[in-house]
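The values are calculated or read from the model by the stated rules, or taken from the named source; none is laboratory data. Just so it is clear, the model here is predicted, and its values are computed rather than measured. As a convention, Cβ positions derive from the backbone with ideal geometry for all residues, glycine included, and neighbour counts pool all protein chains shown. Note: areas computed on protein heavy atoms with side chains; ligands, DNA, RNA excluded. Shrake-Rupley method; radii C 1.70, N 1.55, O 1.52, S 1.80 Å.
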Amino acid sequence: MKLLKDRILKDGKSFDGGILKVDSFINHQMDPILMKSIGVEFVRKFGNLPINKIITIEASGIAPAIMLGYLLELPVVFVKKAVPKTMVNMVFTIAHSFTKDKDYTICVSKDFLNPNDKVVFIDDFLANGNAAIGIYNLIKEAGAELYGMGFIIEKSFQDGGQRLRELGIHIESLAKIKELGDNKIIFED
Ligand code: 5GP
């Protein structure tokens, strides 16, 4: 997606160690116009699937997910990264955090994810795939059906994409980065 790649080159900050900061337009301050274009692109990728719901994970996946849900007129459910005290009837699984380097419990209410649901998962980044694999397990645990996963940015030098594709998951990434270094961002195509 050219608009997105141009914006990453203009406003993204890359660091040694393969980290990309996009917090002036995706991860902290958000650009709703770009986010709408991202939603339109995800409609092109997933709009023909017989899904009834969009799934994401708090917090950075919510903006692109809500744009897709708005355009397809489908509900959006965000998986929680902390177990709420007040909630019963939840499904849980353990996921590993790339940014914090620790395990955490993710959960969702069975009221909002259950065997009636056919879903697409949307998130900001695909790196090692740990968050996405946690979501894959959570969707299985809930008895729902996964039709695809969409990421704004895939860092293809990390193995998340390969791990997910080996599980047979349909992956769509709007910008694929093959190399990241100090002030260096190289896209796949
Ligand atoms: P994974 O589980 O695929 O290793 O990492 C997924 C999560 O880690 C993403 O949802 C994102 O929050 C965070 N993440 C991974 N790599 C980066 C990065 O280069 N930049 C930023 N801002 N977040 C990242």
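Proximity of backbone amide H atoms, modeled 1.01 Å from N, is registered between LYS118 and ASN52, LYS53, GLU145 at under 5 Å, excluding neighbours fewer than 5 places apart on the same chain. Mean residue ellipticity, 222 nm, helices only, the chain: the sum of -39500 (n - 2.57) across DSSP H runs of n ≥ 4, divided by residue count and rounded to 500, is -9000 deg cm²/dmol.
Gyration tensor over the Cα atoms of the stretch 24-67: the corresponding equivalent ellipsoid has semi-axes (square roots of 5 times the eigenvalues, largest first) of 20, 13, 6 Å. Rolled with a 1.4 Å probe across the full set of protein chains, the surface gives THR93 an accessible area near 30 Å².
Its relative contact order, with pairs defined as Cα atoms under 8 Å and 6+ residues apart, puts the stretch 1-154 at 20 percent.
As a fraction of the 1.4 Å probe accessible area of the chain, surface on carbon and sulfur atoms comes out at 51 percent.
Using the eigenvalues of the Cα gyration tensor, what equivalent ellipsoid semi-axes result for the chain when each is taken as the square root of five times the eigenvalue, whole Å, largest first?
26, 19, 15
Available extension along the chain between ASP159 and HIS96 is 21.2 nm, counting 0.36 nm per residue and deducting the alpha carbon span.
Rounded, prolate or oblate: pick one for the stretch 116-163, where a ≥ b ≥ c are the square roots of the eigenvalues of its C-alpha gyration tensor, a/c under 1.5 means rounded, and failing that, prolate if a/b is larger than b/c, else oblate. Note, shape of the stretch 116-163 comes out prolate. Report the net charge of residues surrounding MET87, where surrounding means a beta-carbon distance below 11 angstrom and charges are Lys +1, Arg +1, Asp -1, Glu -1. Local charge sum for MET87: +2.
Which of LYS36/LYS178; LYS5/LYS178; LYS53/LYS80; LYS140/LYS176; LYS13/LYS155; LYS21/LYS53 have a Cα-Cα distance over 21 Å?
LYS36/LYS178; LYS140/LYS176; LYS21/LYS53
Under a 5 Å amide H cut-off, with hydrogens placed 1.01 Å from N, SER14 pairs with LYS21, ASN183, LYS184 among residues at least 5 apart or on other chains.
Taking the C-alpha atoms only, the angle from helix 62-72 to the longest principal axis of the chain is near 70 degrees.
When only DSSP loop residues count, what chymotrypsin sites (Phe, Trp or Tyr not before Pro) in the stretch 15-92 have their Cβ near at most 14 other Cβ atoms within 10 Å? Of the chymotrypsin sites (Phe, Trp or Tyr not before Pro), not one in the loops of the stretch 15-92 has a Cβ with at most 14 other Cβ atoms within 10 Å. The alpha carbon gyration tensor of the stretch 146-189 gives principal lengths a ≥ b ≥ c with a/c of 1.5 or higher and a/b greater than b/c, which makes the shape prolate. For the chain, modelled as a GNM whose springs connect Cα atoms under 10 angstrom apart, the maximal fluctuation among GLU179, GLU58, GLU166 occurs at GLU166.
Solvent-accessible surface of the stretch 1-99, taken per residue with a 1.4 Å probe and all protein chains present: 56 Å².
Hey, can you find the accessible area per residue of the stretch 100-180 for me, probe 1.4 Å, expressed in square angstrom?
Here the residues of the stretch 100-180 average 41 Å² of exposed surface.
Across the stretch 81-123, the residues whose backbone nitrogen lies under 16 Å from the label position 7 Å along the beta-carbon direction of PHE15 are 98-102. Within the chain, the longest run free of trypsin sites (Lys or Arg not before Pro) that sit in a DSSP loop with at most 13 other Cβ atoms within 10 Å is 101-189.
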